[in-house]
């Protein structure tokens, strides 16, 4: 449902891949299954270079605090010096290395997250009504 809501506003999602992983839980002393996100930083890096190469925009805003994207940002700035990259740091995730990489960043506060949520009922352009779960 969230993806349909995002698509209704023109957002193009790039889905990550999740790999099953077994870990030992120190609390319950058992092996439990979790999923580990894979390749998201690589996908974001490729998309950054793609949109600059195709001259689809002049500025990209990356919402991340993960330094794995730093090499792609350095490459993009080197290959496309007239383009801009701005970092948006998720709540409580500011990253000094990324902030100094471009010098352009903003922090997303808890209040901003609350203020910029979709309405309780979102009507898409096709007329579909999407109801936000109460626990959001």
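Read-outs: derived from the displayed coordinates by stated rules, not from any lab. Given the structure is predicted, the values throughout are model-derived calculations rather than measurements. A quick note on method: Cβ atoms are made from the backbone with ideal geometry, for glycine too, and the neighbour counts reach across all protein chains shown.
Computed quantities for the displayed model
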{"item": "Coarse-grained scattering of the chain at q = 0.11, 0.14, 0.20 Å⁻¹, given as base-10 log I(q)/I(0) from a Debye sum over alpha-carbon atoms", "result": "-0.58, -0.89, -1.24"}
{"item": "Rounded FRET efficiency, nearest 0.05, which uses the C-beta distance separating residue 109 from residue 79 and R0 of 41 Å", "result": "0.80"}
{"item": "Gyration tensor (alpha-carbon) shape descriptor, region 50-125, a/c threshold 1.5", "result": "oblate"}
{"item": "Rounded FRET efficiency, nearest 0.05, which uses the C-beta distance separating residue 125 from residue 99 and R0 of 41 Å", "result": "0.65"}
{"item": "Segment residue 46-residue 18, extension gain: residue separation times 0.36 nm, minus the distance between their alpha carbons", "result": "8.2 nm"}
